[in-house]
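The next block holds one structure in the form of structure tokens; read it before the comments.
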């Protein structure tokens, strides 16, 4: 009984019928009370921030208490939600008539780091750390700090248990998933040779131990001072000694948040546009999430260009336009339709190529908006495209596709 469908599927593919992507039901996802975290990731310029905001708005209008956290330092989220600015604390967004609540915030990595220092050390030790020049640089500009602080902030939001749903808008690059490395990166940092040497005098017990540690430290100082400079090295040493008692907590919290992302109730949504580079990045994200064992909801193929009517092919429209040359209006309309059909066919081929490589990944196409999405109404329209019924489109083409499926 199972051989016939398999043979039929092979015959269909041989005849040119593309593999069908599973449908992604984002409405059920954001409505489900068991869904607690949705992470949107993708390359830059694909509408990831707008997708995050639209999903958060849809969840609030479904009655949930939602916060959307952007790690992207751009101001697009605040603008689309009608807010002047966002900061490190959730701000209420006025959504008239919504039975739920929508809040928004933007990660401030230095303030998040400052809050951690204040919360997990004595006032005297916190003052010492916050005033340290090396800490001030580390907390605002060092590579990897943003990703680790994103893990911290997400962990804080989830631990507070204030929100029914947390939607995370990640940075617009491959580093969008670097926060998954935060626990291992923190462990490598804490276990590194430099940290062990810098903390040796503080950790050594007894006079002999102190002498040994001091000898190692002096040797290290002579070598590294030539590279970093004596004052910077002293700042680093003072910072590490002051922060020593907090190291274990950093690692434990990062690991706990990482495990939270793998548990039921968390979903990742990859966002792309129907362009080769964006879909290549989407493939990277899908593979990375799979390797990490992270739950993937599917791919949002954003800014597609479905034609208003799919019954007339591009070839037939071009031929009809040539035959109607005497009627400029009709001929022009036919040529516009032909161009739109050709563009849709190109986008569908790219989507089919992605699905062939990742047949298990659910898909949802979202038509391009007429202009930039900059207000709640625009987000609501996009939210309807994201969460609407699969076959509820003007042409009846399922939302998993740009054009109707070809028949073998």
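Where a number appears in this text, it was derived from the coordinates with a stated rule and is not lab data. These numbers were taken from a predicted model, which means no experiment stands behind them. Counting neighbours? That spans all protein chains shown, and the Cβs are built from the backbone with ideal geometry, glycine included.
At a Förster radius of 22 Å, what calculated FRET efficiency corresponds to the Cβ-Cβ distance of residue 20 and residue 292, to the nearest 0.05?
0.25
In whole Å, how far is the Cα centre of region 55-107 from that of region 349-407?
23 Å
How high is the FRET efficiency between residue 31 and residue 357 when r is their beta carbon distance and R₀ equals 30 Å, given to the nearest 0.05?
On the way: r = 30 Å, r/R0 = 1.01.
Approximately 0.50, to the nearest 0.05.
Contour minus end-to-end for residue 92 and residue 327, with contour as 0.36 nm per residue of separation and end-to-end as the Cα-Cα distance?
Extending this stretch completely gives an extra 79.1 nm.
Could you check the simple spin-label distance between residue 319 and residue 381, using points 7 Å along Cα→Cβ, in nm with one decimal?
About 3.6 nm, to one decimal.
Between residue 349 and residue 309, what is the spin-label point distance in nm, taking each point 7 Å from the Cα along the Cα→C-beta axis?
Label at residue 349, label at residue 309, 2.5 nm between them.
Can you give me the distance in nm between label points at residue 374 and residue 124, each placed 7 Å from the Cα along the Cα-to-Cβ direction?
That separation, rounded to one decimal, is 5.5 nm.
Fully extended, how many nm does the chain gain between residue 336 and residue 162 (0.36 nm per residue separation, minus their Cα-Cα distance)?
57.6 nm is the gain from fully extending residue 336 to residue 162.
What ranking of 255, 112 emerges when the number of other C-beta atoms within 10 Å of each C-beta is taken as an exposure proxy, fewest first?
The fewest-first ordering by Cβ neighbours comes to 255, 112.
Would you list 52, 139, 283, 118 from fewest to most Cβ contacts within 10 Å? Please list the in-between numbers first.
Details: 52 29, 139 21, 283 18, 118 15.
With the fewest neighbours first, 52, 139, 283, 118 line up as 118, 283, 139, 52.
Rounded, prolate or oblate for region 309-408? Axes are the square roots of the Cα gyration tensor eigenvalues, ordered a ≥ b ≥ c, and the cut-off for rounded is a/c under 1.5.
Oblate is the answer for region 309-408, as a/c is 1.5 or above yet b/c matches or exceeds a/b.
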